[in-house]
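The values are calculated or read from the model by the stated rules, or taken from the named source; none is laboratory data. Note that the structure is a prediction, hence the values are computed from the model and not measured. Positions of Cβ are generated from backbone atoms using ideal geometry, with glycine treated the same way; all protein chains shown enter the neighbour counts. Accessible surface is based on the protein model in full, side chains and every heavy atom, while ligands, DNA and RNA are left aside. Shrake-Rupley method; radii C 1.70, N 1.55, O 1.52, S 1.80 Å.
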Amino acid sequence: LDARYRDKPGRSAPGLEVTTLKIKGDATVKNHPTSAFILQSLVIYFSILLRVVPRDEAFLLGIASMRYMGQLLNLIEEYKWPAVLRYHLAFHRRRCREMMRGDYSRWATRDADLIDEHLTGHRKPKQAAGNGVRTNSTSQHKKPTAAEVCRLYNIGVCTTTPCKNGRAHRCSTCNSAAHGVNTHAPPSATGGEAPVRQG
């Protein structure tokens, strides 16, 4: 979904073997160095998915997709990115198998098996205080400032203005205060920015 990655010369095109649901391709940290690549692609992915699922499933899928994005953001805060990427890809494969059977309900679940397999042992190291002594979780988390972009606003979860967490409500892609990344239009075919989607 990301044109910067999709159009990369020499990239093997992902394929889907329906009998085993084995995803072929080269999705690695090298191609997805930061969480922004995945989060922006997920916004587009769920937007497309919501248009093609049965109408009675779309409402629950919409809620579940937002919960999954929120859970993914929490994992990104807590664990190293390569481990989170492996978890996300494995989680997505499981959900694809279920959706092939018509089950769209499990996007909001936390998959304990996959967390154990991909994330256990990969927590981000705690920052040490000036004297070299590790701080507790309360003291090491600094208070948010208005200069920090609200990630929950960018995926459409934080809708209160001003932000209840004290962060800035602006697009993490173009820095506009008029919209979040969830309504930021992808680049047009000519390479320029397409108009921002409204509503």
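For this structure, a couple of remarks:
- LEU50 - accessible surface, heavy atoms, 1.4 Å probe, Å² rounded to 10: 60
- Taking label points 7 Å from Cα along the Cα-to-Cβ direction, ALA90 and LEU50 give a separation of 2.9 nm.
- DSSP-loop trypsin sites (Lys or Arg not before Pro) across region 47-103, with at most 12 other Cβ within 10 angstrom: ARG101
- Diffusion coefficient of region 32-84 by Stokes-Einstein, Kirkwood radius over Cα pairs, 10 °C, 1.306 mPa s: 132 µm²/s.
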